[in-house]
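Novice: Got a structure for you, questions after.
Every number in this text was worked out from the coordinates using simple rules, so none of it is lab data. All of these numbers come straight from a predicted model, not from anything done at the bench. Note: ideal-geometry Cβ built from the backbone for every residue, glycine included; neighbour counts use all protein chains shown.
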Amino acid sequence: MTFRYDFSAVGPDFPTSRVAKSILRFKEYAAVKGLPRKTLEHSLLMASWNIKHLGGVGRTQEALWYIAEILSSFDIIAVQEVKRKLDDLEAVLSLMGPWWRYVVTDVTEGTDGNDERLAYVYDSRKVEFSGLAGELVVPPIENADGTETPAIQFDRSPFLAGFSAGWFKFQLATVHLAWATAEFEDPDRVREADTLAAFMKRRAETDIGTWARNVFLIGDFNFFNPTSQAFRAMIDHGFTIPVGRQELEQSNAGAKARFYDQIAYYLKDADIAPSRMGVLNLFEAFYTDAQFEADFEPWITKADGSIPSDKRKYYRTYYRRDQLSDHFPLWIELPIDFGNAYLKRHIE
């Protein structure tokens, strides 16, 4: 269940052999890291991936093929940092096949919004969009005297949407929370994490018309450390971080391990719990260190056409992160086939 490979449609300068080798290497790597093969009935593969400035940097056609391969490994993906122009996103989906769909927000204006969108990409053979979609607006604060004070809004409004897969109905809220250099207690990040978790918990527990009471917070939370107050805010509101998340490889491409990317859940269906999870270090398969000398060193230049003083450092620190991302996909597997359990509950 992967996307349709068709090298006949690429240009004469397309590095067909390198792309084919890299995709095969990725498949082998993903299998070793425990990523299951997709099925139509038994489980759901959900992922979060911040694809650096998708639509806003000069990606090559080669990179778009790699992004398509990565995304097609999952059933539904929350994507952060989609930029104003959707050309790259649409080019990627055209490679993946007509059964792939996306739902995307409008651009967040202003300096803090960084001209970004949030998106969900999903395989319509497996996942059905409910029609529910919206950006989270924080309600006003009610004062003791009956007046209301406007609440502080998110820098980039979380994107809520409802989906179903098999027997499983769920809501996702994907985010790209406030960035700050303060590693632990940045007040804006803490406020956003607390507000999001509290809002979505109320949605799951008390909202009469809610689409589903299985809720996931998913995306780039910019958490530096699992001991931070912002991280704890989700836990304090009843959300669960899958067991083993802290032992996984880092999901950022930097030298320091960070916990930016998270998937947290608040599940009302007792039968549902992630069975597997992982992080895919993309540079183990694409734009590897071993490829540098033969494939990239002879011609690599900066965006302005100048030659880097240290080509290897530029390749590792800038080029490959601009082509793929400075984040790695975080994924979980969820059971969605509850037919047998349903039948057993109806046996006298």
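Novice: Test each condition in (1) outside any loop (DSSP other than H, G, I, E, B); (2) free of Cβ contacts under 8 Å to residues at least 60 places away in the same chain; (3) in contact with a Ser or Thr (Cβ under 9 Å, 6 or more places away or on another chain); (4) of a type in the set (Gly, Ala, Ser) for ALA78 and report the one that comes out false.
Specialist: (2)
Novice: Can you confirm whether the range 99-106 contains a residue that is touching a strand residue (DSSP E or B) at 6+ places or on another chain (Cβ under 9 Å), among the aliphatic types (A, V, I, L, M) and not in a helix (DSSP H, G or I)?
Specialist: The answer is yes, given that some residue of the range 99-106 is touching a strand residue (DSSP E or B) at 6+ places or on another chain (Cβ under 9 Å), among the aliphatic types (A, V, I, L, M) and not in a helix (DSSP H, G or I).
Novice: Of GLU148, GLU128, which residue is in contact (Cβ under 8 Å) with a residue 12 or more places away in the chain and surrounded by fewer than 16 Cβ atoms within 10 Å (Cβ to Cβ)?
Specialist: Checking each option against the conditions leaves just GLU128.
Novice: Answer yes or no: is there a residue in the range 297-317 that is of a type outside the set (Val, Ile, Thr) and buried (at least 20 other Cβ atoms within 10 Å of the Cβ). Outline the logic, then answer.
Specialist: Going through the range 297-317, the residues of a type outside the set (Val, Ile, Thr) turn out to be 297-299, 302-306, 308-316.
Keeping just the survivors that are buried (at least 20 other Cβ atoms within 10 Å of the Cβ) gives 315.
Taking every residue of the range 297-317 in turn, at least one turns out to be of a type outside the set (Val, Ile, Thr) and buried (at least 20 other Cβ atoms within 10 Å of the Cβ).
Novice: Between residues in the range 96-116 that are closer than 16 Å to ILE70 by Cα and residues that are hydroxyl-bearing (Ser, Thr, Tyr) and surrounded by 16 or more Cβ atoms within 10 Å (Cβ to Cβ), which pairs lie under 9 Å by C-beta distance while being six or more apart or on different chains?
Specialist: Pairs that qualify, where the first residue is closer than 16 Å to ILE70 by Cα and the partner is hydroxyl-bearing (Ser, Thr, Tyr) and surrounded by 16 or more Cβ atoms within 10 Å (Cβ to Cβ), are MET96/SER72; GLY97/SER72; TRP100/SER72; TRP100/TYR122; ARG101/TYR120; ARG101/TYR122; TYR102/TYR120; TYR102/TYR122.
Novice: Here's something else I'd like to know. From the residues in the range 250-289 that are loosely packed, with under 14 Cβ neighbours inside 10 Å and either more than 27 Å from the chain's Cα centre (by Cα) or in contact (Cβ under 8 Å) with a residue 60 or more places away in the chain (or both), which one is nearest to LEU35 (Cα to Cα)?
Specialist: SER275
Novice: Give the residues of the range 290-310 that are of a type in the set (Gly, Ala, Ser) and under 31 Å from the mean Cα position of the chain (by Cα), sorted by residue number.
Specialist: Within the range 290-310, ALA290, ALA303 qualify.
Novice: Do you know which of the residues in the range 88-123 that are over 19 Å from ILE218 (Cβ atoms) and among the small types (Gly, Ala, Ser) is surrounded by the fewest Cβ atoms within 10 Å (Cβ to Cβ)?
Specialist: Filtering the range 88-123 for residues that are over 19 Å from ILE218 (Cβ atoms) and among the small types (Gly, Ala, Ser), the one surrounded by the fewest Cβ atoms within 10 Å (Cβ to Cβ) comes out as GLY110.
Here is a yes/no grid of residues against (1) of a type in the set (D, E, K, R); (2) in a strand (DSSP E or B); (3) farther than 25 Å from TYR265 by Cα:
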| site | (1), (2), (3) |
| --- | --- |
| ARG25 | yes, no, yes |
| THR39 | no, no, no |
| ASN50 | no, yes, no |
| HIS53 | no, yes, yes |
| VAL57 | no, no, yes |
| LEU95 | no, no, yes |
